[in-house]
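Okay, structure first, notes after.
Just so you know, all these numbers are worked out from the coordinates, no wet-lab data involved. Everything numeric here is computed off the predicted structure, so don't read it as measured data. Because the Cβ atoms are built from the backbone with ideal geometry, glycine has one as well, and the counts that use them run over all protein chains shown.
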Amino acid sequence: AAGVIQSPRHLIKEKRETATLKCYPIPRHDTVYWYQQGPGQDPQFLISFYEKMQSDKGSIPDRFSAQQFSDYHSELNMSSLELGDSALYFCASSLGRAEQGGELFFGEGSRLTVL
Amino acid sequence: GIQVEQSPPDLILQEGANSTLRCNFSDSVNNLQWFHQNPWGQLINLFYIPSGTKQNGRLSATTVATERYSLLYISSSQTTDSGVYFCAVESKTSGSRLTFGEGTQLTVNP
C-alpha cells in the first residue's frame, strides 16, 4: 500500500541557510500534518492543513512556513536556520478532518542537520 | 492542552517476557494511537484505538476512554521489539493535532 512520502530523507545545511521539505500524502488523504522531533524527545506538532487550508497551528517558529498545494502535497519552508532546528521532521496524513478522529499515518521523516 | 503520561519511561526485558505499557490522558479524546519508533527513527503505526480492545499478533491494546487510559500489551517479546513506544492522543477540545506522550524506551535483550 502507498505510504506517506517525504523528501529529502537527509539534509545538511549551514546556519542562516534555508531548507525546504516536501511531503506527499497517501492518495485520497486530504489532511497533512507536520511534526518536529528533537533528539531524545517526542514529536511536537507544528502545523496542519485540510483541503489546502491551514487547519491548526502549533509550536511552529515564525521562520518556518508551510502550505498544501492543489495536488495535496505539502512543503515546509525553514529560513534563517539555527543549530536548534536540527531534528527529525515528520509529515503525516489522514482522511478527513482530524476532529473526526481519523487515523494518522506518518512518513519516514526528513533528518535535518544544521552545522 | 491535553496531558499525556506514559509509564514506565524505561523497560528492560529478556527475550520471551511479557510487558504492559500504560498511557494516561487528561481529557476526552477523538483519537488515540500507539506507535513504535524503531532505531532508524521510523514511526510505525501499531493501533488506532480511541476505545475498546484490539489485537495484532503478539501485540494488543485496550483503551478505557471513560477512565482516560490505554494499555499496550506485548507478549513473548523479541529483540526486534526494542525501541520507543509512543502513545498519542487527539483531544476533543483542542484542535486537530495528535499530542504525544514522552514514550517508553523498551530494550529486549537476547
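In region B:8-19, how many are out of contact with any Pro (no Cβ under 7 Å at 6 or more places or on another chain) and either free of Cβ contacts under 8 Å to residues at least 40 places away in the same chain or loosely packed, with under 14 Cβ neighbours inside 10 Å (or both)? So that I can check it myself, show each step before the final result.
So in region B:8-19, the residues out of contact with any Pro (no Cβ under 7 Å at 6 or more places or on another chain) come out as B:8-14, B:16-19.
Then drop every residue that is not either free of Cβ contacts under 8 Å to residues at least 40 places away in the same chain or loosely packed, with under 14 Cβ neighbours inside 10 Å (or both), which leaves B:8-10, B:12, B:14, B:16, B:18.
Here the count works out to 7.
With the requirement that a residue be closer than 13 Å to residue B:30 by Cβ and of a type in the set (S, T, N, Q), what does region B:68-110 give you?
Correct list: B:91, B:93, B:94, B:96, B:99.
In region A:88-115, of all residues being under 28 Å from residue B:93 (Cβ atoms) and part of a strand (DSSP E or B), the one that is nearest to the other protein chains (Cβ to nearest Cβ) corresponds to A:106. Can you name every residue in region B:76-110 that is in contact with a strand residue (DSSP E or B) (Cβ under 7 Å, 6 or more places away or on another chain) and part of a helix (DSSP H, G or I)? Answer for region B:76-110, where residues must be in contact with a strand residue (DSSP E or B) (Cβ under 7 Å, 6 or more places away or on another chain) and part of a helix (DSSP H, G or I): B:79, B:81. For residues in region A:28-55 being of a type in the set (A, V, I, L, M) and touching a Phe, Trp or Tyr at 6+ places or on another chain (Cβ under 7 Å), which is farthest from the other protein chains (Cβ to nearest Cβ)? Residue satisfying both the conditions and the ranking: A:32.
Considering region A:56-71 alone, what residues qualify as being within 11 Å of another protein chain (Cβ to nearest Cβ) and surrounded by 15 or more Cβ atoms within 10 Å (Cβ to Cβ)? Across region A:56-71, the qualifying residues are A:56, A:58.
Tell me which residues, restricted to region B:20-45, are assigned to a strand (DSSP E or B) and free of Cβ contacts under 8 Å to residues at least 12 places away in the same chain. Spell out the reasoning first.
As a first pass, look at region B:20-45 and keep what is assigned to a strand (DSSP E or B): B:20-25, B:29-37, B:43-45.
Passing the criteria: only B:44.
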